[in-house]
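Everything on this sheet refers to the single structure shown next.
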Amino acid sequence: MLNVFCISGTVINKPELTVMPYDIKQCEITIAVKRPYANAQGIYEDDLITLETWRGLADIASLIAPGTRINATGRVDARINEKRPTERPQYAFVTTRLDIVS
C-alpha cells in the first residue's frame with residue numbers, strides 16, 4: 001500500500017506555528033494550487049490546501065514568506081472524530097519534506 005502526496009503551490013499567508021505540550025511544534029501552511037482546467041467563464045481557479053508540518057520541519061516552515069512557491073511531499077492522514085464515528089473522516093496533509101522553488 002502507498003500513502004504519498006506530492007504537491008506544488010504558492011504560500012498564501014503567514015504560516016501558523018503552534019507549540020504543543022512537551023514542546024512539540026506544529027506549523028500549518030496554506031497554499032494555492034491552480035486547477036488544470038478552466039471554469040465556465042474560462043478562469044483557472046485555485047484550490048486552497050492546508051499542509052501540516054511537525055517538529056524541526058515546523059520551525060523551518062514557519063519562516064516561509066507568503067508568495068513563496070513550494071513543493072511538498074508527505075502522507076495523507078485520515079482522522080476520525082471519536083465523539084461521532086459515523087461522520088466522514090477529516091483529512092490532513094502531513095508534510096515530511098518541503099522544497100522552496102526559485
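The table below gives the values:
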{"item": "Filter pass, Arg69 being surrounded by 12 or more Cβ atoms within 10 Å (Cβ to Cβ), among the basic types (Lys, Arg), touching a residue at least 60 places away in the same chain (Cβ under 8 Å) and closer than 20 Å to Ser102 by Cα", "result": "yes"}
{"item": "Number of the condition not met by Thr96 [criteria: (1) at positive phi; (2) in a strand (DSSP E or B)]", "result": "(1)"}
{"item": "The range 38-66 - residue that is part of a strand (DSSP E or B) and of a type in the set (A, V, I, L, M, F, W, C) and, of those, surrounded by the fewest Cβ atoms within 10 Å (Cβ to Cβ)", "result": "Leu48"}
{"item": "Close pairs from the range 20-37: first assigned to a helix (DSSP H, G or I), partner exposed (fewer than 11 other Cβ atoms within 10 Å of the Cβ) and modelled with pLDDT under 95, Cβ under 6 Å, at least 6 apart", "result": "none"}
{"item": "Pair list, Cβ < 6 Å and 6+ apart or interchain, from the range 81-102 residues that are surrounded by 12 or more Cβ atoms within 10 Å (Cβ to Cβ) to residues that are assigned to a strand (DSSP E or B) and of a type in the set (A, V, I, L, M)", "result": "Phe93/Leu51; Thr95/Leu51; Thr95/Ala72; Leu98/Ile70; Leu98/Ala72; Ile100/Ile70"}
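The values are calculated or read from the model by the stated rules, or taken from the named source; none is laboratory data. Nothing here was measured: the structure is a model prediction, and the numbers come from that model. Ideal geometry is used to build each Cβ from the backbone, glycine not excepted, and the neighbour counts take in all protein chains shown.
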